[in-house]
Amino acid sequence: METYLDAFIKGFTGTVNYTYKSVVFEVPWYTNYFWGLIAISLLVWLLEIVFPWRKEQSVFRKDFWLDAFYMFFNFFIFAIIIQGVYNIFEVFFSDLSITQQSLAIIDFSPWPLWAQLLVFFVLLDFVQWLTHIALHRVPLFWRFHQVHHSVKEMGFAAHLRYHWMENILYKPLKTLGIMLLGGFEPEQAYVVHFAAIAIGHLNHANIKLTYGPLKYIFNNPVMHLYHHSYVLPEGKYAVNFGLSLSLWDYLFRTNYIPEDGGKITLGYPGDDKMPKTFWRQLVYGFSRRK
């Protein structure tokens, strides 16, 4: 029987090895998240440089390098640290005879691959949309989410600038969604993950995109900019919660785009209290401000 210590070591070392192999090109390009993230980031940054929406904004905008570090910390360094902990929980639930298949509502595994990927993408996005609402609605969660909303100039790297506690909240809910789908994640799920990275980068980029009629389906930079607005509509604690899809906001009437000029103040009331350095932001949110 696998012990909790064995599970932690297995998860930790396995993620370290996978990350190293990704860096030295021993992982196939289509599943190489390390170089994939770099490639997507450089491409979207190039679009920002060539087609800037807010032309007065510098190429190396405010907190550019801080956000760039956050990308690699949240996507790789913290993933290495936390994977061992998740493996412990997998063993714990296994000991209780709770498996990925035991909670399944529908088994989608026999479906065609394209249908599996579509369902996986839509369900995962809906779970993240609900989690995003909780990050704004629950005071404890909002204190951590403030790190992301302390961005004062928007750019692609702001996509992955978030407190590490958000990983703790998002991943279990993602796992639950997968369990409800018959406990499967399609073998080609990397297509969904890379699409989510690209859409998320574009949503935070200094580019003016709306996608025409598709704006009612896909999130876009204009819509997401207003999610980061300092001034919100009266009675609203936030708007435009969509990650990859705007569909949920239009369905549940949390959409809000009053104009598309792009020159609005970003942040939230009290954002001047947010620490400016990564290390101080790392522990931000664990104690109430007086």
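None of the figures in this text is laboratory data; all of them are computed from the coordinates on show. If you're wondering where the values come from, they're calculated on a predicted model, not measured in any experiment. Here the Cβ positions follow ideal geometry from the backbone for every residue, glycine too, while neighbour counts run over all protein chains shown.
Near PHE218, the amide H atoms lying under 5 Å from its own belong to SER246; only residues 5 or more places off or on other chains count, and H is placed 1.01 Å from N. Relative to the Cα centre, the charge distribution of the stretch 4-282, modelled as +1 at Lys and Arg Cβ and -1 at Asp and Glu Cβ, gives a dipole magnitude of about 720 debye.
Averaging the sequence gap over all C-alpha pairs within less than 8 Å and six or more residues apart, then dividing by the number of residues, gives the stretch 4-282 a relative contact order of 23 percent.
Computed from backbone phi with θ = phi - 60° and the Karplus coefficients 6.51, -1.76 and 1.60, the 3J(HN,Hα) list for the stretch 138-149 is 8, x, 4, 5, 4, 4, 6, 5, 4, 4, 5, 7 Hz; x is used for glycine and proline.
For LEU266, the residues whose amide H sits under 5 Å from its own are TYR230, ignoring neighbours fewer than 5 places away on the same chain, with H placed 1.01 Å from N.
Here the sum of -39500 (n - 2.57) over DSSP H runs of 4 or more residues, divided by the residues of the chain, equals -16500 deg cm²/dmol at 222 nm, to the nearest 500. The phi-based Karplus calculation (6.51 cos²θ - 1.76 cosθ + 1.60; θ = phi - 60°) puts the 3J(HN,Hα) values of the stretch 32-44 at 8, 6, 5, 6, x, 4, 5, 4, 5, 4, 5, 5, 5 Hz, whole numbers, x for Gly and Pro.
Bridgeable lysines around LYS10 (alpha carbons under 20 Å apart, same-chain partners fewer than 8 residues away excluded): LYS21, LYS171. Stokes-Einstein diffusion coefficient for the chain at 37 °C in a medium of 0.692 mPa s, Rh from the Kirkwood formula over Cα pairs: what value in µm²/s? Taking Rh from Cα pairs, D becomes 162 µm²/s.
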